[in-house]
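Throughout, read-outs are computed from the coordinates displayed, never taken from laboratory work. None of these values were measured; they are calculated from a predicted model. Neighbour counts are summed over all protein chains in view; Cβ atoms, including those assigned to glycine, are modelled from backbone coordinates with ideal geometry.
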Amino acid sequence: MAKTLGIIAFVLLIVLPVALVVAGQLGFLSGTRPNDLGLKNGLLKPPVKASWNVVSSYADRQPHTDYHVIAPLRYSGDGKAAFARLEAIVRGMDGATVITRQPDYLYAEFQTKLLKFTDDVEFVLDEPAGVIQMRSASRLGRKDFGANRKRLEAIRAKFNG
């Protein structure tokens, strides 16, 4: 009995974590880049109500739960300069890769170091409203344990700092 428990403990504590890290490093946990991002009918992709792995400043205009709602970035002055400042912040963050940059749209991927989980993050300059709309979503899983909100709030803190 003790030998069996020792084998089970070895598998759970050593083999499974190592296998998980190897799977991540080989890209099996990064998911597939979505092909439905960007503005559609003036909005970013809506959150899936049954998933708690996305936050969006457009969520209040789409079917959502309170979990999905985050305020946009507010700025004063020149919108293009604010958007350029935001881009510099994103480019300077760990794990960030800018995929698409247009005058009023920015799409970046954020990837964790060890397991290579990938999240898709979008920003839209809304000059008439004086805000930058934003969305961050995990590619895999139904819960993100607050990771997407924390990322956007960290960006907000740097942007406002």
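For the listed residue pairs Lys40/Lys150; Lys116/Lys143; Lys113/Lys158; Lys80/Lys158; Lys45/Lys150; Lys45/Lys113, the alpha carbons are over 23 angstrom apart in Lys40/Lys150; Lys45/Lys113. Between Asp78 and Glu127, the simple label model (points 7 Å from Cα in the Cβ direction) yields a spacing of 1.2 nm.
Positive contributions from Lys and Arg (+1) and negative ones from Asp and Glu (-1), summed over other residues with Cβ under 15 Å from the Cβ of Leu86, come out at +2. Among the trypsin sites (Lys or Arg not before Pro) within segment 52-108, not one is in coil by DSSP while having at most 16 neighbouring Cβ atoms inside 10 Å.
A DSSP coil position with no more than 14 other Cβ atoms inside 10 Å describes the following trypsin sites (Lys or Arg not before Pro) in segment 105-146: Lys113, Arg142. In the chain, the DSSP beta bridges split such that about 95 percent are antiparallel, to the nearest 5.
Per-residue Cβ neighbour counts within 10 Å put Asp78, Asp104 in the sequence Asp78, Asp104, beginning with the fewest. Among complete DSSP H helices in the chain, those whose alpha-carbon atoms stretch at least 15 Å along the helix's long axis and whose mean Kyte-Doolittle hydropathy reaches 0.0 are 79-91. Taking Cα extents along the principal axes in Å as the quantity of interest, determine which of (1) 54, 39, 31; (2) 54, 34, 34; (3) 70, 32, 30 was computed from the displayed structure. Computing Cα extents along the principal axes in Å and matching it to (1) 54, 39, 31; (2) 54, 34, 34; (3) 70, 32, 30 gives (3). Treating r as the C-beta distance of Asp104 and Lys143 and R0 as 22 Å, the FRET efficiency rounds to 0.10.
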